[in-house]
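Quick notes on the structure that follows.
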Amino acid sequence: MSQPASRTNILLESGTNELEVITLYLQWLDPASSAPIQTAYGINAAKVRELVAMPTSLTEVPDSHPSVRGIFLLRDRTIPLIDLCHWFGYQPDLSPEAKAKWVVVVSEINGKLFSFISHGVDKVYRISWNQIMPPPEVVANNSSLTGMCLVNDRIIQMIDFEKICADIDPSMAMDYVTHAIKTKAAAGQGDKFVVIADDSAMIRDQIIQTLTRAGYKVKAFPDGQSAWDFLELTMGAGEVDSQILGIISDIEMPRMDGHHLCRKIKQQPAYAKVPVMLFSSLINDTARHKGEKVGADDQITKPELGALVERLQGCLKKLGAADAIAG
């Protein structure tokens with residue numbers, strides 16, 4: 001039943017603001033009536049390594065998160081198995097008919113392999129990031145959802161797999177307090193803004209505090225579109241050189257993703273001296289190739305928060321040296 005993600009033909013052109021979403025289902029029982037309810041969720045196909053059958057043998061992990069069912073062996077790799085239904089607080093439908101449809105989604109998050117129990121996998125939809133809207137504010141706080149989209153009259157909820165994995169594996173969580181700031185803003189750099197685009201309020205706050213401690217001013221936005229609107233204003237006012245020092249962007253964001261944002265920036269002569277860094281959990285070989293195609297000056301894998309300042313300085317020196325040679 002193994003289905004490598006590479007066979008789904010998911011490689012898209014760089015910077016098109018599109019993604020391919022694999023839809024998966026959770027089937028759970030209504031607490032009041034015990035009737036089965038099916039809910040559709042989505043995962044970016046770029047994160048999926050393969051789909052496999054439910055393992056016949058699981059090894060329990062003492063003192064692990066209650067949503068971790070155990071670990072199993074897959075091609076000489078031990079992979080934790082996470083019960084999404086338990087995570088969301090649902091009572092799963094355990095009928096034989098329902099369990100026969102269960103599929104395990106093996107995913108790579110921040111360079112580590114995790115797997116998730118789904119109760120069925122449906123189609124792969126190619127959609128635009130501008131079709132994905134942030135979750136309503138009433139559910140946004142403390143939520144495990146990054147956005148929602150309507151496909152074929154059905155709501156698909158995009159799961160924040162990074163948040164789930166960080167809660168289960170504390171080593172993946174970013175903690176800016178633990179990172180010593182070895183590099184500080186150079187003279188004059190603190191007068192300009194570093195623009196941040198990330199749909200996670202928690203990560204935005206951590207990046208802001210890290211850069212602020214290093215002596216930078218920060219303008220932060222929840223998605224690529226909001227960041228681009230601000231950058232357009234600086235171009236229109238002719239203030240790029242005096243206002244913008246660098247740009248740090250997530251890749252997966254509602255409305256406009258980081259690859260599309262990077263490509264739009266790199267197409268503007270006014271931003272030729274401004275480095276664009278992609279800071280994402282999705283920096284694998286495929287994503288890195290896409291980042292290179294859209295002109296990213298650097299690509300950093302979360303949760304390497306402590307590397308941001310040093311890498312930003314490296315990009316600024318590199319662009320400064322190139323500008324000096326060109327001049």
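Remarks
- Condition met for Leu211 (in a strand (DSSP E or B), over 30 Å from Glu20 (Cα atoms) and either in contact (Cβ under 8 Å) with a residue 40 or more places away in the chain or in contact with a Pro (Cβ under 8 Å, 6 or more places away or on another chain) (or both)): no
- Segment 72-102 - residue that is small (Gly, Ala, Ser) and in a loop (DSSP other than H, G, I, E, B) and, of those, least open to solvent (accessible area, probe 1.4 Å): Ser95
- Count of residues meeting criterion [open to solvent by 40 Å² or more (accessible area, probe 1.4 Å), of a type in the set (Ser, Thr, Tyr) and within 13 Å of Ile247 (Cβ to Cβ)] in segment 206-220: 0
- Exactly one residue among Glu50, Glu20, Glu60 is over 30 Å from Leu278 (Cβ atoms) and among the charged types (D, E, K, R), and that residue is Glu60.
- For segment 251-301, a residue qualifies if it is touching an Asp or Glu at 6+ places or on another chain (Cβ under 7 Å), closer than 23 Å to Phe161 by Cβ and part of a loop (DSSP other than H, G, I, E, B), and the qualifying residues are Ile251, Met253, Pro254, Arg255, Met256, Ser281, Leu282, Asn284.
- Residue check for Phe230: under 23 Å from Val309 (Cβ atoms), at pLDDT 95 or above and of a type outside the set (D, E, K, R): yes
- Taking each residue of segment 35-54 that is among the basic types (Lys, Arg) and looking for partners that are at pLDDT 90 or above with beta-carbon atoms closer than 8 Å, six or more apart or interchain, yields Lys47/Ser107; Arg49/Val106; Arg49/Ser107; Arg49/Leu113.
- Qualifying residue in segment 198-205 (condition: assigned to a helix (DSSP H, G or I), surrounded by 22 or more Cβ atoms within 10 Å (Cβ to Cβ) and small (Gly, Ala, Ser)): no
Yes or no, residue by residue, for (1) open to solvent by 50 Å² or more (accessible area, probe 1.4 Å); (2) small (Gly, Ala, Ser); (3) under 17 Å from Trp28 (Cα atoms); (4) not in a strand (DSSP E or B):
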| residue | (1), (2), (3), (4) |
| --- | --- |
| Val104 | no, no, yes, no |
| Glu108 | yes, no, no, no |
| Phe114 | no, no, no, no |
| Lys123 | yes, no, no, no |
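- Single residue of segment 221-242 satisfying the filter (open to solvent by 40 Å² or more (accessible area, probe 1.4 Å) and outside any helix (DSSP H, G or I)) that is farthest from Tyr271 (Cα to Cα): Pro222
- Looking across segment 282-310, just one residue is within 17 Å of Ile203 (Cβ to Cβ) and open to solvent by 50 Å² or more (accessible area, probe 1.4 Å), and that is Glu304.
- Qualifying residue in segment 264-271 (condition: open to solvent by 10 Å² or more (accessible area, probe 1.4 Å), without any contact (Cβ under 8 Å) to a residue 12 or more places away in the chain and not hydroxyl-bearing (Ser, Thr, Tyr)): yes
Results for (1) among the hydrophobic types (A, V, I, L, M, F, W, C); (2) assigned to a strand (DSSP E or B); (3) open to solvent by 10 Å² or more (accessible area, probe 1.4 Å); (4) under 17 Å from Leu24 (Cβ atoms), shown as yes or no for each residue.
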{"residue": "Ile37", "(1), (2), (3), (4)": "yes, yes, yes, yes"}
{"residue": "Ala46", "(1), (2), (3), (4)": "yes, no, yes, yes"}
{"residue": "Ser64", "(1), (2), (3), (4)": "no, no, yes, no"}
{"residue": "Gly70", "(1), (2), (3), (4)": "no, yes, no, no"}
{"residue": "Ile117", "(1), (2), (3), (4)": "yes, yes, no, yes"}
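The values are calculated or read from the model by the stated rules, or taken from the named source; none is laboratory data. Quick caveat, the model's predicted, so the values are computed rather than measured. Methodologically, a virtual Cβ is constructed for each residue, glycine included, from the backbone with ideal geometry; neighbour enumeration extends over all protein chains shown. Remember, those area values only see protein heavy atoms, side chains included, never the ligands or the DNA or RNA. Shrake-Rupley method; radii C 1.70, N 1.55, O 1.52, S 1.80 Å.
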